[in-house]
Amino acid sequence: MANREQRNKGPKQVAALEGFKREGFPKLEIHRIENGKPLLHPEDPWIVAIACDTELPQTKVPVIDLNDIDAIAPLLLATAVPMREIRDRAAAG
């Protein structure tokens, strides 16, 4: 299998999906303090970063301002999983 650097070359089409927070794929956690819910990180090892409306100094992954699209977009592109890999995992069950 090609390494991540090789897979991430060339044009990209990215789909952002909701409802898969228990699946084993790289994820960006969206967290709003006002909702009063706990973080999924660090219990979910697939969370690669958190987009939040406040600072979270206790986390071990990058924290990005929830409104900073210029920072979020490159992160999503860098951690995207090819659809082929998603289909293969789903088929393997």
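Brief remarks on what is shown
- Reachable aspartates and glutamates from K21, criterion Cα separation under 15 angstrom, eight or more residues apart if same chain: E29, E43, D44
- Point-to-point label distance, D65-L39, nm (Cα→Cβ direction, 7 Å offset): 1.9 nm
- Computed about its Cα centre, the charge dipole of the range 17-93 is approximately 400 debye, with only Lys, Arg, Asp and Glu carrying charge at their Cβ.
- Ranking of F25, F20 by solvent-accessible surface, largest first: F20, F25 (1.4 Å probe, protein heavy atoms only, all chains present).
- Surface accessible to a 1.4 Å probe, K37 within the full protein complex, Å²: 150 Å²
The values are calculated or read from the model by the stated rules, or taken from the named source; none is laboratory data. What you see is a predicted model; the values in this text were computed from it and never measured. Cβ sites come from the backbone with ideal geometry, for glycine too, and all protein chains shown count toward neighbours. The accessibility values were calculated without ligands, DNA or RNA, using every heavy atom of the protein model including side chains. Shrake-Rupley method; radii C 1.70, N 1.55, O 1.52, S 1.80 Å.
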